[in-house]
Each structure stands twice: as structure tokens, then as C-alpha cells.
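Undergrad: Take a look at this one; I'll ask things after.
The values are calculated or read from the model by the stated rules, or taken from the named source; none is laboratory data. These numbers come from a predicted model, not from an experiment. So basically every Cβ, Gly included, is an ideal-geometry build from the backbone, and we count neighbours across all protein chains shown. For accessibility, only protein heavy atoms count, side chains too; no ligands or nucleic acids. Shrake-Rupley method; radii C 1.70, N 1.55, O 1.52, S 1.80 Å.
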Amino acid sequence: MTVQNLIEKLNLKILTEGELDRAVTDCYIGDLLSWVMGRAPEDSAWLTVMGNINSIAVATLADVSCIVLVENAALDAEAKAKAEIHGVTILQCGENSYKLAVKISELI
């Protein structure tokens, strides 16, 4: 499964475009950034409501495939700019974390 596959199969909105051909092998849900940084599996889709600049740093350190902002959480302008610099893919959807994680689990 790739990020592009997730976008297409789950109708996710692209907010920033990084490596769309990157593999997605897991899913992680979390909003406590220090917790996510130490526990999110590499190559996972990280589901969160945290659309700030700190989430970009965490995504880079944890080496996740993408960030998915659930429940239409907003991405602030500073975070968007930093994500584009670092090639972090950020997606958005209206569903909550649980419902989206179930769908991702079925796909991977």
C-alpha cells in the first residue's frame, strides 16, 4: 500500500504533497506529540488532529509515511510551509481516527 493508494481508496484530501509513492505499512493514532515521537512505527500513516509546526518535526523524527488530519482538523500556515520544505505529506479527512484506522487496517 502506498500513500497514493490511501488517497485514492479513502478519498483523502492532499494538503501537502511529499512522497506519494512511499509505502504505508501501519497506522498510528495519537495527539500527544512526545508519545507519538517515541512510538509511531516507521512507514505508518499517523492520524491526528495536530496541524501545527511541532507535528511536522515529530513526523520527520518518527519517519512516518504521512500525517492524516482527521475530523477536518486545520493545518496552520507555518506547519504547511515546513512540511513542504521537508517533503512531509499531509492529508485530511472528515472521519474520526477510529473509523479511518479501521479502513486503513482493512487496506494494509
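Undergrad: Work out, in µm²/s and without decimals, the Stokes-Einstein translational diffusion coefficient of region 45-108 at 37 °C, 0.692 mPa s, Rh from Kirkwood over C-alpha pairs.
TA: It comes out at roughly 279 µm²/s.
Undergrad: If you stretched the chain out fully between Gln4 and Lys103, how much longer would it get, using 0.36 nm times the residue separation minus the C-alpha to C-alpha distance? Don't jump to the answer; show the numbers that get you there.
TA: Values: separation 99, 0.36 × 99 = 35.64 nm, distance 1.50 nm.
Extra length from Gln4 to Lys103 when fully extended: 34.1 nm.
Undergrad: Return the carbon/sulfur percentage of the accessible area of the chain, one whole number, probe 1.4 Å, all protein chains in place.
TA: Carbon and sulfur: 49 percent of the exposed surface of the chain.
Undergrad: Here's something else I'd like to know. Given an 8 Å cut-off on Cα distances and at least 6 residues of separation, report the relative contact order of the chain as a percent.
TA: 32 percent
Undergrad: Leaving out same-chain residues fewer than 8 places away, which lysines sit with a Cα under 26 Å from that of Lys9?
TA: Here the lysines satisfying the reach criterion relative to Lys9 are Lys80, Lys99, Lys103.
Undergrad: Right, another one. Pop out the ³J(HN,Hα) list for region 12-28 in order, Karplus 6.51 cos²θ - 1.76 cosθ + 1.60 with θ = phi - 60°, rounded to Hz; leave Gly and Pro as x.
TA: So the Karplus estimates, Gly and Pro as x, are 8, 8, 8, 9, 9, 10, x, 8, 6, 8, 6, 5, 10, 10, 7, 9, 9 Hz.
Undergrad: Here is a follow-up. Would you compute, from DSSP H runs of 4+ residues alone, the mean residue ellipticity of the chain at 222 nm, taking -39500 (n - 2.57) per run and dividing by the full residue count, rounded to the nearest 500?
TA: Values: 5 runs with 46 residues, N = 108.
Computed ellipticity for the chain at 222 nm equals -12000 deg cm²/dmol.
Undergrad: Separate question: Of the beta bridges DSSP finds with both residues in region 1-91, what % are antiparallel, to the nearest 5?
TA: 25 percent
Undergrad: Equivalent-ellipsoid semi-axes (√(5λ), Cα gyration tensor) for region 1-52, whole Å, largest first? Present the calculation step by step, with values, prior to reporting the outcome.
TA: Numbers: eigenvalues 78, 34, 17 Å².
Semi-axis lengths for region 1-52 are 20, 13, 9 Å.
Undergrad: Moving to a separate point now. Rolling a 1.4 angstrom probe over the protein heavy atoms, how many square angstrom per residue are accessible across region 1-70?
TA: For region 1-70, the solvent-accessible area averages 47 Å² per residue.
Undergrad: Another question about this same structure. Any idea how far apart Met37 and Asp21 come out in nm if each label point goes 7 Å out from Cα toward Cβ?
TA: 3.2 nm
Undergrad: Assign unit charges at the C-beta atoms only (+1 for Lys and Arg, -1 for Asp and Glu), then state the dipole size of the chain relative to its Cα centre in Debye, rounded to the nearest 20.
TA: Using Cβ point charges on Lys, Arg, Asp and Glu, the chain gives about 180 debye.
Undergrad: I've got another one for you. Hey, any idea what the orientation-averaged projected area of the convex hull of the chain's Cα atoms comes to, in nm²?
TA: Spelled out: convex hull of the Cα atoms, projected over all directions, averaged, 5.3 nm².
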